[in-house]
Amino acid sequence: MIETLLALVPTYGIYIVALSTFLSCLALPIPSSLIMLTAGTFVAAGDLNGPTAASMALAGALIGDQVGYAMGRAGSARMDTLTGKPAKMAHKARRMVDGYGVGAVFLSRWFLSPLGPYMNFVTGATRMNWLRFTVSDIAGEAVWVSIYLSLGYAFANQIEAVANIASNFSGAVTAGSIAIALGLWLRADHRKHLKKSTTA
């Protein structure tokens, strides 16, 4: 499937790029970063127009993010019906999004990109302010598109090696960030239980 998509880039270039970024933002397994790297090589060869490719990639990503946010928002009413511990967790999630949502959205567009689609659903479900979501989304996606198209352009002859490095780096950073977050959560939960046991 990946080879088929990449083979279509020279012919349907900007449309394939836009479609791939759109679908990847809905958590579908589309190699959008690799497709953008490939598009960058075609820009370097003069087969694709750089600003047009970047605009279409950005447009596809932003539309996909908005659809994901809207899907989360549509399901947010169910969070209001929760009771007990799930309700407390939902309230905590909303507080966290209110406090860190802008930075989380921005970083999940490019630095922690595997988390991006899920962040769309979460921010929608927790009713993050739409304008705050959109502004941080635009900034983050602009960085993502710029990085991958520029890498494809600059390293057109070593595209496979660059793709592997970028993929491994992104995966490692995301896994490390999740591990740190889980560690902090476990530590906070442990302290909470210790506090309860000492006051009991």
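None of the figures in this text is laboratory data; all of them are computed from the coordinates on show. Keep in mind the model is a prediction, meaning the values are calculated, not measured. Cβ placement follows ideal geometry from the backbone for every residue including glycine, while neighbour counts extend to all protein chains displayed.
Of note:
- Compared with the direct C-alpha span, the chain from Ser150 to Val135 gains 3.1 nm at full extension, assuming 0.36 nm per residue.
- With the cut-off at under 16 Å, measuring from each backbone N in region 25-43 to a point 7 Å along the Cα-to-Cβ line of Tyr12 picks out 30-32, 35-36, 39.
- Overall form of region 90-129: prolate. Here a/c, set by the Cα gyration tensor axes a ≥ b ≥ c, is 1.5 or more, and a/b is the larger of a/b and b/c.
- Alpha-carbon centroid distance for the pair region 24-42 / region 49-77, whole angstrom: 14
- Peptide packing for 95-106, 48-59, 137-148 was compared via the average number of neighbouring C-beta atoms within 10 Å per residue; ordered from the highest value, the list is 137-148, 48-59, 95-106.
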